[in-house]
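What follows is a set of notes on a single structure, which appears directly below.
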Amino acid sequence: MVFPILTIIGIGIVVVLSSFYEKSWTYNWNGIRQQIKDSVKVAEYGGISTGIVGYDARKPAQFDRRHWIMQNASESELLKLTVYPNGTIKTIAYEGLIKKLEFENKTNLILDAIADTEYHMYLQSGCTGTPMHIGEYLVDFVLQIDDRSPPFAREKPNYGLTKNDEEIILTEYRKVPSLWKK
């Protein structure tokens, strides 16, 4: 009589745990400093903010948090975070590596980001926001190399990509269906 009851309770526990399971619970944090880990855990659910203020009339804390992670995480920490099971954190890691002038393998890194469509990120700008793939954000908002990207008031940034690199990236980028350009 006890065995069927314990079986039912065991199955119930397994069902409950599996329905709320997050891949980040088993992420290997080796090689990532505690202050970076703490910032990542906070930034995980905030999306990516452009820093443009909306009705609230103040810049979102997520904007500064993202920049802090990109500036303070080492290259090896950012590379490790590109496999973190969350689109926001992956986006921060990819963007941080692109903006590091000494990082050399940017083209392959960006191609990896474009191919990574399992997780998407949410871009918040002012009072509006939209979901998009990590590669879309990097090509359209960080690199600004697609002629169909939104126009910017500032000059296009230079992250050390050649014209040939940009063409390779754009070729792969245009193969992936967009989440936000509809």
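The values are calculated or read from the model by the stated rules, or taken from the named source; none is laboratory data. Since the structure is predicted, the reported quantities are computational estimates derived from the model, not experimental observations. Positions of Cβ are generated from backbone atoms using ideal geometry, with glycine treated the same way; all protein chains shown enter the neighbour counts. Surface areas here come from the heavy atoms of the whole protein model, side chains and all, with no ligands, DNA or RNA. Shrake-Rupley method; radii C 1.70, N 1.55, O 1.52, S 1.80 Å.
Worth pointing out:
- Any hit, region 44-67, residues being of a type outside the set (A, V, I, L, M), in a loop (DSSP other than H, G, I, E, B) and in contact with a Leu (Cβ under 9 Å, 6 or more places away or on another chain): yes
Rundown of residues vs (1) in contact with a Pro (Cβ under 7 Å, 6 or more places away or on another chain); (2) surrounded by fewer than 13 Cβ atoms within 10 Å (Cβ to Cβ); (3) under 23 Å from N30 (Cα atoms); (4) of a type in the set (K, R), yes/no style:
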site	(1), (2), (3), (4)
K106	no, no, no, yes
D147	no, yes, no, no
N158	no, yes, no, no
I168	no, no, no, no
K175	no, yes, no, yes
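- Within region 72-83, considering residues that are more than 12 Å from S39 (Cα to Cα) and surrounded by fewer than 21 Cβ atoms within 10 Å (Cβ to Cβ), the one nearest to the chain's Cα centre (by Cα): T82
- Residue within region 113-128 that is under 13 Å from Y173 (Cβ atoms) and not in a helix (DSSP H, G or I) present: yes
- Residue under evaluation G46, criteria (1) within 30 Å of T162 (Cα to Cα); (2) open to solvent by less than 70 Å² (accessible area, probe 1.4 Å), criterion not met: (1)
- Cβ separations smaller than 7 Å between residues 6+ apart or across chains give the following pairs from region 134-161 residues that are over 18 Å from A115 (Cα atoms) to residues that are surrounded by 11 or more Cβ atoms within 10 Å (Cβ to Cβ) and among the polar types (S, T, N, Q): F152/Q144; K156/Q144; P157/Q144; L161/T107.
- Of everything in region 1-43 that is modelled with pLDDT of 85 or more and in a loop (DSSP other than H, G, I, E, B), the residue that is most open to solvent (accessible area, probe 1.4 Å) is N30.
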